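Every number in this text was worked out from the coordinates using simple rules, so none of it is lab data. All figures in this text were calculated on a predicted structure; none of them were measured in a lab. With ideal geometry, Cβ positions are generated from the backbone for all residues, glycine too; neighbour counts draw on all protein chains shown.
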Amino acid sequence: MKDVVVDARGHRCPTPSLKLQKAMATATPGARFLLLATDPMARIDVPYLMSQKNGRVIAIEDADGVVRITVETGPATPDVPTG
């Protein structure tokens, strides 16, 4: 299965994480995504996001000013009723 590419180059925090989160919203467990970002804060924000979503970071690479972060979605979490 090919990684889904989420291109957030040129966007500042929190947009790269938000774009990734939106792309993952309907993904099945185990789906992989490749985030491309030029904001160095993505190196901090994305691992935090994945910890909140029960996912995991596969790799973080830097090349030519672009941070490439490969992530995998985790198991579905049940909806928690509010109120």
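General observations
- For the stretch 21-48, the set of residues classified as among the β-branched types (Val, Ile, Thr) and buried (at least 18 other Cβ atoms within 10 Å of the Cβ) consists of Val46 only.
- Every residue from the stretch 1-16 that is assigned to a loop (DSSP other than H, G, I, E, B), under 16 Å from Asp45 (Cα atoms) and in contact with a strand residue (DSSP E or B) (Cβ under 6 Å, 6 or more places away or on another chain): Arg9
- The set of residues in the stretch 17-32 that are in contact with a Leu (Cβ under 6 Å, 6 or more places away or on another chain) and either part of a strand (DSSP E or B) or over 13 Å from Thr73 (Cβ atoms) (or both) contains only Ser17.
- Restricted to the stretch 49-73, and to residues there that are in contact with a helix residue (DSSP H, G or I) (Cβ under 8 Å, 6 or more places away or on another chain) and not β-branched (Val, Ile, Thr), the residue that is surrounded by the fewest Cβ atoms within 10 Å (Cβ to Cβ) is Arg56.
- Filtered residues of the stretch 24-51 (kept if over 8 Å from the mean Cα position of the chain (by Cα) and farther than 16 Å from Val67 by Cβ): Ala25, Thr26, Ala27, Thr28, Pro29, Gly30, Ala31, Arg32, Ser51
- Verdict on Arg43 being touching a residue at least 12 places away in the same chain (Cβ under 8 Å) and under 17 Å from Ile58 (Cα atoms): yes
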